[in-house]
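See below for the structure under consideration.
The values are calculated or read from the model by the stated rules, or taken from the named source; none is laboratory data. The structure presented is a predicted model; accordingly, all values stated were derived computationally and were not measured. Note: ideal-geometry Cβ built from the backbone for every residue, glycine included; neighbour counts use all protein chains shown.
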Amino acid sequence: MDADIRTRDLVVGYGDKAVLSGLDLALPRHAITCLVGGSGSGKTTLFRTIVGLIAPLSGTVELLGRDLGAGTDDERNATLQRVGMLFQNGALLNSMTVRENVAFPLVEHTGLPRPVVDALVRVRLQQLGVLHALDLYPSELSGGMRKRVGLARAMIHDPAILMCDEPSAGLDPVTSAGLDRVLVSLKGIFGLTIVVVTHELDSIRRIADHVVMVGKRKQGPPGVLFDGPATDFFASTDTGIRAFLDRREG
């Protein structure tokens, strides 16, 4: 399988406490993988480890063919700059306008002239349907608009990988469905590899090509419960997966 994200014998956690162990994953290229699990399952810890916010306790994470734990800091940072991140609340800077928020990664990490930066910002906001919010502040935006602006910022440097942490959190069903359509569209237009942490079943059904479910296993430490095509996930007869899908105790 062609994969932009791989983990090998990965153990993730905090301090000396392992949350998930034995993670051997290959997330398919140019596809949307939904990373799912119950509350406290470790999916967010795995997400943060993949994007380099938390160091693995052991094992490796490879992004775009490069081991994040090997090489120089400059090489690691160069790889991570090819990853766009959409955080749960959008993580917009309240003191900056939408224009300034979306431009921020280019201003900080490139030497592009300001007119070029402004043009790129307008293109991304236009693509995401929020160009009209160019000079508004985050406090003036609806929840759905904040997510789209956050997505514009995540996409401003043409990433190869897009990582999204609970993008539908706090959104009404109509707005959530609209954001799901945007993610599917971005995958198709830009050939992105997208990873979405979510517990929203409707979103998983709409967007997922591939599903990874993590949590407590019948035997051994917590780890991967399912890793495969979304169609197989929804057809599974495994009791733990059915409990998650049917929203009942496992």
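If you go through the range 194-215 and keep only what is crowded, with 17+ Cβ neighbours inside 10 Å and under 15 Å from ARG242 (Cβ atoms), you end up with ILE204, VAL211, MET213, GLY215. Taking the range 69-132 as the region of interest, none of the helices (runs of 4 or more DSSP H) fully inside it holds 3 or more residues being among the polar types (S, T, N, Q). Considering the range 52-84, the residues that are free of Cβ contacts under 8 Å to residues at least 40 places away in the same chain and touching a helix residue (DSSP H, G or I) at 6+ places or on another chain (Cβ under 8 Å) include one that is surrounded by the most Cβ atoms within 10 Å (Cβ to Cβ), namely LEU68.
Being outside any helix (DSSP H, G or I), at pLDDT below 95 and among the small types (Gly, Ala, Ser) is not true of SER176. Which condition from (1) under 29 Å from GLY22 (Cα atoms); (2) surrounded by fewer than 20 Cβ atoms within 10 Å (Cβ to Cβ); (3) not hydroxyl-bearing (Ser, Thr, Tyr) is the one that PHE244 breaks? Condition (2) is where PHE244 drops out.
Of the residues ARG114, ARG124, ARG146, which is out of contact with any Leu (no Cβ under 8 Å at 6 or more places or on another chain) and within 22 Å of VAL196 (Cβ to Cβ)?
Exactly one of ARG114, ARG124, ARG146 is out of contact with any Leu (no Cβ under 8 Å at 6 or more places or on another chain) and within 22 Å of VAL196 (Cβ to Cβ), namely ARG124.
Of the residues making up the range 135-147, one or more are under 15 Å from the mean Cα position of the chain (by Cα) and either farther than 29 Å from LEU112 by Cα or not in a loop (DSSP other than H, G, I, E, B) (or both).
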